[in-house]
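K.L.:
Before I ask anything, let me first share the structure, which is written out below as structure tokens.
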Amino acid sequence: MSIIKVENLSRRFGAVTAVNDVSFEVDEGVIFGFLGPNGAGKTTTINILCTLLSPTSGRASISGHDCSKDPAEVRRSIGIVFQDTTLDKDLTAYENLMFHAYLYGMKRADMKKLIHDALYFAGLFERRNDLVKKFSGGMKRRLEVARGLLHRPKVLFLDEPTLGLDPQSRANLWEFIVKLPRKHNVTVFMTTHYMEEAEVCDRIAIIDNGEIVTMGTPDELKKTMGGDVVYLKTTDNKKAARDIAKLFNLSVSEKDNELYFTTSRGDACIPEIIKATGDTVLSVRLQRPTLNDVFLKMTGKEIRDSDVSSDDTIKETVRAYRRRFGRS
Amino acid sequence: MVEANVVYVLVAREFKKFVREKSRLVSTLARPVIWLFLVGGGMSRFVSPGAGINYMQFMFPGILGMTILFSSIFSSISIIWDKEFGLMKEILVAPVSRFSIVIGKALSGTLISVIQVAIILMLFPFLGIKLSFPAILNTIAVAVLLAFCISSLGIVIASFYESFESFSVIMNFIVMPMFFLSGAMYPVNKLPAILKVASKLNPLTYGVDALKHAIFGSGELVDFSIFTDLGVLVVSSLVFVTAAGFLFERKK
């Protein structure tokens, strides 16, 4: 069953179209990844879904509630971790959670226990009475995720959750995020521009220039690349090439004394290759397509090296638009 | 609809931060004291306001008004800070009515201002002013109303700005003129005609006038009747709160 439904959603800021006719659905209980370079329209989409922004056209709904027409119900159903921290750094971890509990009208009797649970879950119980300004980036993020879950939302939005974290904190945070759907019975909608991080998602949509270019599970997307490439070195390449071509009924090429061929099931065919080539095999390696390859194919550019100047232009335009029309 | 839990937690947050930052308390109390004793002390040598009081005593209600003006406006425009550094988003995505947020912020500003006014008010014996206990209570009551009015105005102002860059604009073009045209430093009825009109459009004028009523009684020092003062403060508070609620509801 889909919990998030987006139909023909568009949002323009003056002359700039940040989101252009986007449609997708997200099933309950999955981790859904929204991938794209900076300025692709990810944050704009999240802001519409979490009722901070109204769409120019199209519809978005969460758990059956329309994001524009019924914002109060939508707000009750969601938790959000924004790209920039929204903690009050002059309050303690405990006070930040308490603030959230009151905002969401949680029952007094439950508050204390739920806040303690959240602090344990975030691994911050010992630091609960420290001011948030003393926390590291990773600790703040974990606290924000725990806070976003405090009122037991149906959907948790994570906008670039690992931005600005060191590699170790990133790895820790991912470990923490993948547990969420089962542990908290929540659907996770996250954006990232780190392709390797998107591997943990159950489903991915790639967005570029405000439009969705492709959607599917990470494996499905990688399969569109034509499969894995197996590389092989043997003492007798000619014989091995003949044997393998016959065995799998495909064509084998050779480059720099190394044989290679493309197959849809690279991992499973390695034992058979070794059986067939016997003692002559020197090395076998398998290269699987990455999401980065998928992105490159779909958009014609590397996600990391995407045109920085055009991102800045979009951000500048949005900022100028806000200044002119003066709204948050 | 106003949700009590939201109003409570917004006020509690502001109060907690206020108490925690001792340096902020000291510096906000320093301004009125400096004005009172340095400006007031200097001016009282060659200005005589009449009515049997000296200039420093004349300035006292105005300085209370100034304390309220500055601390209420600053408390409210901290919303701009919260917008820039994110906390406002956490509040805006919560399932709470925008009106509760406005009331919560306005009452936060009111509480912080009134605490400061109460401290400054205790200076009255040093200025040779005699205040009865009911007069003190009346002064505090007027301070509450005025602080709520100015805090709501502050929220309206804050809703037009996205970043703190505009801080000096607010300071120079709104706060300072409001202070000088409020009757805090000189009686409004002696101003040139055009400034008199401006001062009559300034809610702080009525607040300062009401403070004069509370402190000096309704003698020759006041410009309006106490009913006019309180009426204007109540009506403008309602206008500002409604406008702020509307401006908060508006989405990009």
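K.L.:
Tabulate in residue order the Karplus-calculated ³J(HN,Hα) for the range A:62-75, using 6.51 cos²θ - 1.76 cosθ + 1.60 with θ = phi - 60°, rounded to whole Hz; enter x for Gly and Pro.
P.N.:
10, 6, x, 9, 6, 5, 8, 8, 10, x, 4, 5, 4, 4
K.L.:
Relative to 2.2 N^0.38 Å, what does the C-alpha radius of gyration of the range A:1-140 come to as a ratio? Two decimals please.
P.N.:
This ratio for the range A:1-140 stands at 1.22.
K.L.:
Between A:Met298 and A:Ser251, what FRET efficiency comes out of the Förster formula 1/(1 + (r/R0)^6) with R0 = 25 Å and r the beta carbon distance, rounded to 0.05? If you can, show how the numbers build up before the last one.
P.N.:
Details: r = 26 Å, r/R0 = 1.05.
That gives a FRET efficiency of 0.40.
K.L.:
If you don't mind, there's one more thing I want to ask. For the pair A:Asp202/A:Asn8, report the inter-label distance in nm, with labels modelled 7 Å from Cα in the Cβ direction.
P.N.:
The modelled label-to-label distance comes out at 2.9 nm.
K.L.:
Would you please name the trypsin sites (Lys or Arg not before Pro) within the range B:1-98 that are DSSP coil residues with at most 13 other C-beta atoms within 10 Å of their C-beta?
P.N.:
Values: sites: B:Arg13, B:Lys16, B:Lys17, B:Arg20, B:Lys22, B:Arg24, B:Arg45, B:Lys83, B:Lys89, B:Arg98; in loops: B:Arg45.
When the trypsin sites (Lys or Arg not before Pro) of the range B:1-98 are filtered for loop state and at most 13 Cβ neighbours within 10 Å, B:Arg45 remain.
K.L.:
State, in square angstrom and to the nearest 100, the accessible area buried between chains B and A, both chains counted, probe radius 1.4 Å. Intermediate results must be reported in sequence, preceding the final value.
P.N.:
Details: alone 12200 and 16900 Å², together 25810 Å².
When B and A are taken together, about 3300 Å² of accessible area is lost.
K.L.:
Based on Cβ point charges of +1 for Lys and Arg and -1 for Asp and Glu, what charge dipole magnitude is obtained for chain B about its Cα centre, in debye rounded to the nearest 20? Present the calculation step by step, with values, prior to reporting the outcome.
P.N.:
Details: 20 positive and 13 negative charges, 56 e Å.
So the magnitude is around 260 debye.
K.L.:
Could you name the lysines in cross-link range of A:Lys239, using Cα to Cα under 27 Å and dropping any fewer than eight places away on the same chain?
P.N.:
In chain and number order, the partners are A:Lys255, A:Lys275.
K.L.:
Expressed as a whole percentage, what fraction of the accessible surface of the range A:179-248 belongs to carbon and sulfur atoms when a 1.4 Å probe is rolled over the protein heavy atoms?
P.N.:
46 percent
K.L.:
OK, next. Most mobile of A:Thr299, A:Thr263, A:Thr217 per a Gaussian network model of chain A (Cα springs, under 10 Å)?
P.N.:
Between A:Thr299, A:Thr263, A:Thr217, it is A:Thr263 that shows the largest mean-square fluctuation.
K.L.:
Using the basic label-point model (7 angstrom from Cα toward the beta carbon), what is the A:Lys89 to A:Asp66 distance in nanometres?
P.N.:
Taking the simple label geometry, A:Lys89 and A:Asp66 are separated by 4.1 nm.
K.L.:
Also, quick follow-up: Return the carbon/sulfur percentage of the accessible area of the range B:20-137, one whole number, probe 1.4 Å, all protein chains in place.
P.N.:
The value for the range B:20-137 is 72 percent carbon and sulfur by accessible area.
K.L.:
Mark the label point 7 Å from the Cα of A:Val229 along Cα→Cβ and return the residues of the range A:265-284 whose backbone N is within less than 16 Å of it.
P.N.:
Residues A:265-267, A:284 qualify, since their backbone N sits under 16 Å from the label point.
K.L.:
If we count every other residue with Cβ under 10 angstrom of A:Cys50's Cβ, Lys/Arg +1 and Asp/Glu -1, where does the sum land?
P.N.:
On the way: positive: A:Arg75, B:Lys89; negative: A:Asp159.
Here the charged neighbours net out to +1.
K.L.:
Additional query: Binning at 10 angstrom from zero up to the longest distance, how are the C-alpha pair distances of chain A distributed in percent?
P.N.:
It works out to 5, 22, 27, 21, 12, 8, 4, 0, in whole percents.
K.L.:
Between the range A:202-250 and the range B:176-190, how many Å separate their Cα centres?
P.N.:
With the range A:202-250 and the range B:176-190 each reduced to a Cα centre, they are spaced 79 Å.
K.L.:
May I pose another question? Need one number: the % of Cα-Cα pairs in the range B:123-252 sitting beyond the 23 Å mark.
P.N.:
40 percent
K.L.:
Another question about this same structure. If you count, for every residue in B:8-21, the Cβ atoms of partner chains within 10 Å of its Cβ, what is the mean? Write out the running numbers ahead of the final one.
P.N.:
Values: counts 1, 8, 3, 0, 4, 8, 0, 0, 6, 4, 0, 0, 3, 1.
Other-chain Cβ atoms within 10 Å of each residue's Cβ, averaged: 3.
K.L.:
Shape of the protein assembly as shown from its Cα gyration tensor (a ≥ b ≥ c, root eigenvalues): rounded if a/c is under 1.5, otherwise prolate when a/b > b/c, or oblate?
P.N.:
prolate
K.L.:
Something else about it: Give me the inter-chain shielding for A:95-104: mean count of other chain Cβ atoms within 10 Å, whole number please.
P.N.:
Averaged over the peptide's residues, the number is 6.
K.L.:
Using only Cα atoms and rounding to the nearest 10 degrees, what angle (0 to 90) does helix A:108-121 make with the longest principal axis of chain A?
P.N.:
Approximately 30 degrees, to the nearest ten.
K.L.:
Rounded to the nearest 500, what is chain A's calculated 222 nm mean residue ellipticity when only DSSP H runs of at least 4 contribute -39500 (n - 2.57) each, over all residues?
P.N.:
About -11500 deg cm²/dmol.
K.L.:
Same structure, new question: Restricting to the protein assembly as shown, what percent of DSSP beta bridges are antiparallel, rounded to 5?
P.N.:
Numbers: 35 of 53 bridges.
Roughly 65 percent of the DSSP beta bridges within the protein assembly as shown come out antiparallel.
K.L.:
Right, another one. Using the alpha-carbon atoms, what tilt in degrees (0 to 90, nearest 10) does helix A:137-149 show relative to the longest principal axis of chain A?
P.N.:
70 degrees
K.L.:
If I model a spin label as a point 7 Å beyond the Cα along the Cα-Cβ vector, how far apart are those points for B:Leu123 and A:Leu131 in nm?
P.N.:
About 2.8 nm separates the two model spin labels.
K.L.:
Which helices of chain B meet both criteria: a Cα extent of 15 Å or more along the helical axis and a mean Kyte-Doolittle score no lower than -1.0, with helices taken as whole DSSP H segments?
P.N.:
Helices meeting the span and hydropathy rule in chain B are B:4-20, B:22-34, B:55-84, B:98-121, B:133-158, B:203-216, B:226-249.
K.L.:
When only DSSP loop residues count, what GluC sites (Glu not before Pro) in the range A:1-105 have their Cβ near at most 16 other Cβ atoms within 10 Å?
P.N.:
The qualifying sites are A:Glu28.
K.L.:
Take A:Val284, B:Val6 and sort them by solvent-accessible surface of the protein heavy atoms, 1.4 Å probe, largest at the top. Write down the numbers at each step before the final one.
P.N.:
Working: A:Val284 45, B:Val6 0 Å².
The most accessible residue leads, giving A:Val284, B:Val6.
K.L.:
I would also like to ask the following. Just counting partner chain Cβ atoms within 10 Å, what average do the residues of peptide B:89-101 show around their Cβ?
P.N.:
6
K.L.:
Another question about this same structure. What does the C-alpha gyration tensor say about the overall shape of the range B:1-101? Classify as rounded when a/c is under 1.5, otherwise prolate if a/b is larger than b/c, or oblate.
P.N.:
Here the range B:1-101 falls in the prolate category.
K.L.:
Given a Förster radius of 56 Å and the C-beta distance between A:Arg182 and A:Asp236 as r, what FRET efficiency does 1/(1 + (r/R0)^6) yield to the nearest 0.05?
P.N.:
It comes out at approximately 0.65.
K.L.:
Further question: How much FRET efficiency would the formula 1/(1 + (r/R0)^6) give for A:Lys107 and B:Leu29, where r is the Cβ-Cβ distance and R0 is 45 Å, rounded to 0.05?
P.N.:
Calculated value: 0.70.
K.L.:
In addition: Between the range A:99-122 and the range B:202-252, what's the alpha-carbon centroid distance in Å?
P.N.:
What the calculation gives is 40 Å, centre to centre.
K.L.:
Here is a further query. So if the hydrodynamic radius of chain B is defined as the Kirkwood radius over C-alpha pairs, what does Stokes-Einstein give as its diffusion coefficient at 25 °C and 0.890 mPa s, in µm² per second?
P.N.:
D, rounded to a whole number, is 132 µm²/s.
K.L.:
Where a Cα-Cα gap under 26 Å defines reach, which lysines qualify for B:Lys212, not counting those fewer than 8 residues away within the same chain?
P.N.:
Correct list for B:Lys212: B:Lys130, B:Lys190, B:Lys196, B:Lys200.
K.L.:
Separate question: I'd like to compare A:79-87, A:119-127: which one has the highest average count of other Cβ atoms within 10 Å, and what's the full order after that?
P.N.:
For the peptides A:79-87, A:119-127, the packing ranking is A:79-87, A:119-127.
K.L.:
Residues of the range A:179-214 with amide nitrogen under 11 Å from the 7 Å Cα-to-Cβ point of A:Met1?
P.N.:
From the range A:179-214, the list is empty.
The values are calculated or read from the model by the stated rules, or taken from the named source; none is laboratory data. These numbers were taken from a predicted model, which means no experiment stands behind them. Note that each Cβ is placed from the backbone with ideal geometry, even for glycine, and that neighbours are counted across all protein chains shown. Note: areas computed on protein heavy atoms with side chains; ligands, DNA, RNA excluded. Shrake-Rupley method; radii C 1.70, N 1.55, O 1.52, S 1.80 Å.
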